[in-house]
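What follows is a single structure, written as structure tokens, with notes after it.
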Amino acid sequence: MGNYKLIEGKFSASDATQILLEIINNKINYHHLQVFSIKERFNGDVTHSEKRIKELTKIGKSLRKTLSAAEKKGYQIEIHCPIEIKVIK
């Protein structure tokens, strides 16, 4: 269906932290809502969402650490975040 540049460019470490952690936090919130919805409506398996919450939390901590170190040194951050979307049956 297409390729899109979700994020592209150079940012201060502070701005990069804000941008990237906002995306991660939105994904974590999405999975929390999925867990709630699946448990409430279907009492179904929430293993996938719980696993993703743990993975995303770990990624967020790692990014915070890396970007904090870059900020202390006054470095800029270059981000390339392409999104590829395919329509499937």
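Which one of LEU56, LEU33, LEU63, LEU67 is exposed (fewer than 12 other Cβ atoms within 10 Å of the Cβ), among the aliphatic types (A, V, I, L, M) and at negative phi?
Every option except LEU33 fails the conditions.
Checking ARG41 against (1) modelled with pLDDT under 95; (2) within 15 Å of the chain's Cα centre (by Cα), which single condition isn't satisfied?
(2)
Is it the case, given these coordinates, that ASN29 is polar (S, T, N, Q), farther than 28 Å from LYS73 by Cβ and modelled with pLDDT of 95 or more?
yes
Of all residues being surrounded by 13 or more Cβ atoms within 10 Å (Cβ to Cβ) and not basic (Lys, Arg) in the range 19-30, which is nearest to the chain's Cα centre (by Cα)? Just the residue, please.
Checking each candidate, the answer is ILE24.
MET1 is checked against (1) surrounded by 12 or more Cβ atoms within 10 Å (Cβ to Cβ); (2) touching a residue at least 60 places away in the same chain (Cβ under 8 Å); (3) closer than 30 Å to LYS89 by Cβ; (4) aliphatic (A, V, I, L, M) and fails just one. What number does that condition carry?
Of the numbered conditions (1) surrounded by 12 or more Cβ atoms within 10 Å (Cβ to Cβ); (2) touching a residue at least 60 places away in the same chain (Cβ under 8 Å); (3) closer than 30 Å to LYS89 by Cβ; (4) aliphatic (A, V, I, L, M), the odd one out for MET1 is (1).
Out of VAL46, VAL87, which single residue is surrounded by 14 or more Cβ atoms within 10 Å (Cβ to Cβ) and more than 16 Å from ILE24 (Cβ to Cβ)? Let's see the steps before the verdict.
Working: VAL87 fails: surrounded by 14 or more Cβ atoms within 10 Å (Cβ to Cβ).
On inspection, the qualifying residue turns out to be VAL46.
Answer with yes or no whether GLN18 is assigned to a helix (DSSP H, G or I) and either of a type in the set (Val, Ile, Thr) or at pLDDT below 95 (or both).
In short, no.
The values are calculated or read from the model by the stated rules, or taken from the named source; none is laboratory data. Predicted model only: the values in this text are computed from it and were never measured. In this analysis, Cβ positions are derived from the backbone assuming ideal geometry, glycine residues included, and neighbour counts consider all displayed protein chains.
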